[in-house]
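As structure tokens, the structure follows; a few thoughts come after it.
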Amino acid sequence: MRGQREVMTIDLFKDENCRPLAAHVWRKESNGFYVEPEWCSKRLFQAETFTNSIWDPCCGVGHIAESAHRAGYEVFASDIVDRGYQHFNGCLDFLQCERPRGANYVFNPPFDHVEAFVRHALSMIRTKKGKIATIFLQRRLNAAHWLAELPLARVYLLTPRPSMPPGHVIAAGEKPKGGNQDFCWLVFCHQQKGPPELRWLHRDGICR
């Protein structure tokens, strides 16, 4: 019976569109489109002050852009693909852009391209007070040696663990809960001197 059960479990995953209801195992999303809960950016803008405008070059369905709008910032929202966000400013390949569309950058980029996005954003910052904030997989921090070369100012751990499903899951009307990955915000600023601060952002309120 034990061997039979193991075969049945494996068979469930032969069809990439079939998964147990609570397994949180989805097929990979093209262009690295994964959707963060709205509270992640809402809490960031409550804890972190930005000067002037915000550019989200990976705006997706607009969660970060909407949080920035509500926090009182002028926002430029772009993406490599139009995901249907009502205040979308146009399709742009961020890594090919040479002209900044905002004084600060806040984004949730494809997980495998975070370093490239951060370095490119840093190269386009035009003011000393300009900042970059990116969502990052917490389990990758130890191996992210490139962070030591950059002006990392703060790390905000997100709690409870947010679920960040691929975009097609959200488009299908699913409301996944209980993520299986830990995430954080990384905030960079050219004015930063010394080691970064470690802080927490809680879904139900700011934890400093």
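The values are calculated or read from the model by the stated rules, or taken from the named source; none is laboratory data. Just so you know, these numbers come straight off a predicted model, no measurement behind them. Note that we place each Cβ from the backbone using ideal geometry, even for glycine, and neighbour counts take in every protein chain shown. All accessible areas refer to the heavy atoms of the entire protein, side chains included, with ligands and DNA or RNA removed. Shrake-Rupley method; radii C 1.70, N 1.55, O 1.52, S 1.80 Å.
What residues have an amide H closer than 5 Å to that of Tyr105, excluding those fewer than 5 places away on the same chain, when H is modeled at 1.01 Å from N in the peptide plane?
For Tyr105, the qualifying residues are Trp55, Lys131, Ile132, Ala133.
Return the sequence-ordered ³J(HN,Hα) values of region 50-56 in whole Hz as given by the Karplus equation 6.51 cos²θ - 1.76 cosθ + 1.60 applied to θ = phi - 60°, using x for Gly and Pro.
For region 50-56, the Karplus curve yields 10, 9, 6, 8, 10, 10, 10 Hz.
List every residue whose amide H lies under 5 Å from the amide H of Phe183, counting only residues 5 or more places away in sequence or on a different chain, with H placed 1.01 Å from N in the peptide plane.
Amide H neighbours of Phe183: Gln138, Leu158.
Taking every pair of distinct Cα atoms and averaging 1/r, then inverting, what Kirkwood hydrodynamic radius in Å comes out for region 28-170? Provide the component values of the computation, followed by the final result.
Working: mean 1/r = 0.0651 Å⁻¹.
About 15.4 Å for region 28-170.
Taking the Cβ-Cβ separation of His202 and Gln86 as r and a Förster radius of 30 Å, what is the calculated FRET efficiency to the nearest 0.05?
That gives a FRET efficiency of 0.55.
Based on the mean of other Cβ atoms within 10 Å per residue, sort peptides 193-201, 73-81, 101-109, 147-155 so the most packed one is first.
So the peptides 193-201, 73-81, 101-109, 147-155, ranked by packing, come out 101-109, 73-81, 147-155, 193-201.
If you roll a 1.4 Å probe over region 43-165 with all protein chains in place, what percent of the accessible area is carbon or sulfur?
Result for region 43-165: 46 percent of the exposed heavy-atom area is carbon or sulfur.
Note down the net charge around Arg70, summing +1 for each Lys or Arg and -1 for each Asp or Glu among other residues with Cβ under 14 Å from its Cβ. Could the numbers behind the result be given before it?
Numbers: positive: Lys42, Arg43; negative: Glu38, Asp56, Glu66, Glu74.
Local charge sum for Arg70: -2.
Tabulate in residue order the Karplus-calculated ³J(HN,Hα) for region 100-114, using 6.51 cos²θ - 1.76 cosθ + 1.60 with θ = phi - 60°, rounded to whole Hz; enter x for Gly and Pro.
Values, residue by residue: x, 10, x, 7, 9, 10, 10, 7, 10, x, x, 4, 7, 10, 4 Hz.
Amide H of Val35: which non-local residues (sequence gap of 5 or more, or other chain) have their own amide H closer than 5 Å, using H built in the peptide plane?
Gly167
I'd like to check one number: the per residue accessible area of region 59-105, probe 1.4 Å, reported in Å² as a whole number. Walk me through the intermediate numbers first.
Values: 2370 Å² over 47 residues.
Averaged over the residues of region 59-105, the accessible area is 50 Å².
To the nearest 0.05, what FRET efficiency results for His190 and Glu115 with a Förster distance of 25 Å applied to their C-beta separation?
Using R0 = 25 Å, I get an efficiency of 0.90.
For region 80-119, what's the radius of gyration and Dmax over Cα atoms, in angstrom?
Both quantities, over Cα of region 80-119: 10.9, 29 Å.
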